[in-house]
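See structure below.
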Amino acid sequence: MASVVMARPAPGALSSDRARSRRIVDRIATIALWSAATTVVALLLLFIAYLFVQGYSSISWHFLTGYPKSAEAGGGVGPQIFNSFYILILTLIFTLPIAVSAGVFLQEYAGPGRFRDLVQFSAESLATVPSIVMGLFGLIVFVQLFHWHFTALGGALTLTLLNLPAMMRVTQESLAGVPSTYREASMGLGATKWQTVLRAILPSAIGPLTTGVVLVSGRIFGETAALIFTAGSSVSYGASAYDFNPFHTAETLAVHLYSTQREALVPDATQIANGSALVLLVMVLVFNVVARVVGRQLTVRLTGKAS
């Protein structure tokens with residue numbers, strides 16, 4: 001019987017097939033990643049366009065500066081815009097020092113041990129608490145126990161508890177991204193641990209920390225459940241509506257949007273809701289842009305390089 005000899009492919013052909021297969025897989029992965037990124041941008045632009053089309057006709061100077069009306073058309077959202085920024089500033093004043101300090105401790109000072117694990121576990125557990133439960137806690141403590149009633153301060157403290165874990169985590173990740181050579185160089189020059197953290201590590205992490213502030217601020221702007229129970233769902237009229245006293249009732253724009261749609265007591269509730277949603281979106285976008293510009297400027301000034 002004649003023997004059959006099977007021809008083997010040349011080594012060059014095998015390597016060529018493998019290279020072609022790798023190029024195909026690489027192109028597929030590249031297209032998938034670009035598609036995912038483009039989808040995110042497209043969804044944001046679509047969302048902005050939808051709110052702009054729905055709410056643009058409701059925007060006017062009177063709407064942006066006027067007082068809300070409870071039973072007739074033509075109300076404004078001036079006090080709500082003021083309260084939104086006021087509670088944002090109060091919350092950041094309380095949140096940033098505590099969260100950044102705790103993040104620095106966990107990342108730079110605390111070694112492996114039970115206390116570090118306890119702090120980490122407490123932060124992670126606090127992050128899982130729903131905002132409405134945190135609002136009920138604020139209602140019991142700040143409104144009833146302290147007898148503050150509905151106040152901007154109570155709302156800000158409640159939002160502080162809600163946003164501490166996220167800002168702590170961002171701080172840890174930001175500091176972890178700073179090269180260890182920065183620490184070694186600073187300590188080698190005779191700086192103490194605290195001087196190294198204050199003058200070398202934190203300035204180098206300003207960019208990521210700014211991103212964390214932006215994320216936390218967006219959550220503060222859009223929070224409703226916690227503020228309904230603590231800051232209230234009404235505003236004062238006259239000069240007291242723009243009062244810097246932290247113990248005044250402070251309905252934010254997000255709460256006003258929710259209350260208007262839920263109660264629908266005014267004839268133009270839909271127009272007010274659409275306009276409020278557009279204003280809220282613009283507020284968040286403007287704050288994000290300003291925060292990132294400030295973050296880049298701080299990075300350049302403190303480190304001498306762009307973020």
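Among the residues of the stretch 218-247, those identified as open to solvent by less than 10 Å² (accessible area, probe 1.4 Å) and either touching a strand residue (DSSP E or B) at 6+ places or on another chain (Cβ under 8 Å) or at pLDDT below 90 (or both) are Gly232, Ala241. If you go through the stretch 171-215 and pick out every residue that is open to solvent by less than 60 Å² (accessible area, probe 1.4 Å) and within 20 Å of Leu90 (Cα to Cα), you end up with 7.
Exactly one residue out of Ala166, Ala127 is under 28 Å from Thr252 (Cβ atoms), within 17 Å of the chain's Cα centre (by Cα) and modelled with pLDDT under 90: that is Ala127.
In this structure, is Tyr86 surrounded by 11 or more Cβ atoms within 10 Å (Cβ to Cβ) and assigned to a helix (DSSP H, G or I)? It is true that Tyr86 is surrounded by 11 or more Cβ atoms within 10 Å (Cβ to Cβ) and assigned to a helix (DSSP H, G or I).
Taken together, Ala254, Ala277, Ala250, Ala273 contain a single residue that is out of contact with any Pro (no Cβ under 7 Å at 6 or more places or on another chain), part of a loop (DSSP other than H, G, I, E, B) and of a type in the set (A, V, I, L, M, F, W, C), which is Ala250. The single residue among Val279, Val290, Val266, Val284 that is under 16 Å from Leu88 (Cα atoms) and either more than 25 Å from the chain's Cα centre (by Cα) or modelled with pLDDT of 90 or more (or both) turns out to be Val279.
Cβ separations smaller than 7 Å between residues 6+ apart or across chains give the following pairs from the stretch 96-114 residues that are polar (S, T, N, Q) and surrounded by 14 or more Cβ atoms within 10 Å (Cβ to Cβ) to residues that are modelled with pLDDT of 85 or more and in a helix (DSSP H, G or I): Gln107/Gln172; Gln107/Leu175; Gln107/Ala176.
The values are calculated or read from the model by the stated rules, or taken from the named source; none is laboratory data. Note that the coordinates shown come from a computational prediction; the quantities given were computed from them, not determined experimentally. Glycine also receives a Cβ, built like all others from the backbone with ideal geometry; neighbour counts cover every protein chain displayed. Note: areas computed on protein heavy atoms with side chains; ligands, DNA, RNA excluded. Shrake-Rupley method; radii C 1.70, N 1.55, O 1.52, S 1.80 Å.
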